[in-house]
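These notes concern the structure reproduced below.
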Amino acid sequence: MSEATLIPNTPSTLPSWGLLIAKALESYGVKPEPIFAAAGIDLAEAHEANSRIPVHKMAKVWRAAVELTGDSAFALRLTRFFQFNAYSALGMAVASSRSIAEGLQRCVRYYRLMSDGATLYLQDFPERGRTDLVFELSGSYPEVTKQAMEAFSATSIELLRITAGPQFSPLKVCFAHSQSNVQAYVDYFKCPVMFNCPDHRMVFDREQIQQELVFNNSAVAASLDTWMADYLQQFRQDLVSTRVQAYLLEHIVDGEVEQKTVATELGMSVRALQRKLQDEETSFSALLDNCRQHLAREYLSRAQLPLAEVSFMLGFSDQSNFSRAFKRWTGHSPQAYRDAQQGK
């Protein structure tokens, strides 16, 4: 479930992604400046403090980079130039973490510093000896490209290899999109890589990621945590949509949530709520749909919950309506999604 974006209603990312893409383009003999200029991005501003690049502009750069280089695996080229400070304070905090598991928890907690076009969360499966890092894209902001998802996955593994050793690899990597050059990804990740999956995720060995890192430094990590929390606080917006999302996530399982009930809870009329949400370029129905999607993924990861019960908990009148909605959200049926989570 995505929170309010750091730039209101506009998902954005750190400019270091632009610098990495520029380096990668140059390695193909392609001048990056015209590509960024065509997307409305001034690379010279990438070094300015607190600067952000809108994700929709970066999407134009990603697509142009693939087209001009002719390399569908262009995102992997960024790993050649990656250094942990490309993730700003988050990279240094991960490198200072007690274990990879703790570093992954920091990625989840502070990923919005990197980009707020997606949400990260961890799914733990002790009985199967695995922990999954899952990427959830917001239906409200479809601008995040498949290259961006591939680049973050690849550079995050590069960061963990800097931290834990060059042989570190996940158990499996899954992407929700297609890719023609699958072997390049298998070679890089050193594990099975699957495309056209129900979602984007990386699967880790639960025991391996709990091992203590040699160069961990809890004092440095704690200091960076404080800095990142303060940084994000600068951008926090008291958006009505954020308050509606929080209410919906808490109360959907209590039964049908009506717009009038939420408006009363927020101390305004239904018309005022509708107007404020429209100003934030969203609507009550869109927020309800996003919350249901988020909770559906979470509930389906719990094998003990029958599909009929998941449907009821999310406020659907019957299981068939839930199945149709889930297919619309993900392109997969609830059962197919659950089977994929369980490795069937």
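The values are calculated or read from the model by the stated rules, or taken from the named source; none is laboratory data. Treat the numbers as computed from the prediction; the structure is a model and nothing was measured. We place every Cβ from the backbone using ideal geometry, glycine too, and count neighbours over all the protein chains shown.
Numerical summary
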| quantity | calculated |
| --- | --- |
| Unmet criterion (only one of (1) surrounded by 19 or more Cβ atoms within 10 Å (Cβ to Cβ); (2) of a type outside the set (Gly, Ala, Ser); (3) more than 25 Å from the chain's Cα centre (by Cα)) for residue 274 | (1) |
| Of all residues making up the range 104-137, the number that are among the aromatic types (Phe, Trp, Tyr) and within 15 Å of residue 204 (Cα to Cα) | 3 |
| Identity of the residue in the range 314-330, in a loop (DSSP other than H, G, I, E, B) and surrounded by fewer than 13 Cβ atoms within 10 Å (Cβ to Cβ), that ends up modelled with the lowest pLDDT | 317 |
| Members of the range 288-315 found to be of a type outside the set (A, V, I, L, M) and within 24 Å of residue 127 (Cα to Cα), listed by number | 294, 297, 298, 299, 301, 302, 304, 306, 309 |
| Tally of residues being under 15 Å from residue 97 (Cβ atoms), in a loop (DSSP other than H, G, I, E, B) and acidic (Asp, Glu) across the range 205-232 | 0 |
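Condition check ((1) in contact (Cβ under 8 Å) with a residue 24 or more places away in the chain; (2) in a loop (DSSP other than H, G, I, E, B); (3) not assigned by TED's automatic domain parsing to the domain that holds residue 144) across all residues:
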| position | (1), (2), (3) |
| --- | --- |
| 20 | yes, no, yes |
| 25 | yes, no, yes |
| 30 | yes, yes, yes |
| 34 | no, no, yes |
| 41 | no, yes, yes |
| 58 | yes, no, yes |
| 63 | yes, no, yes |
| 67 | no, no, yes |
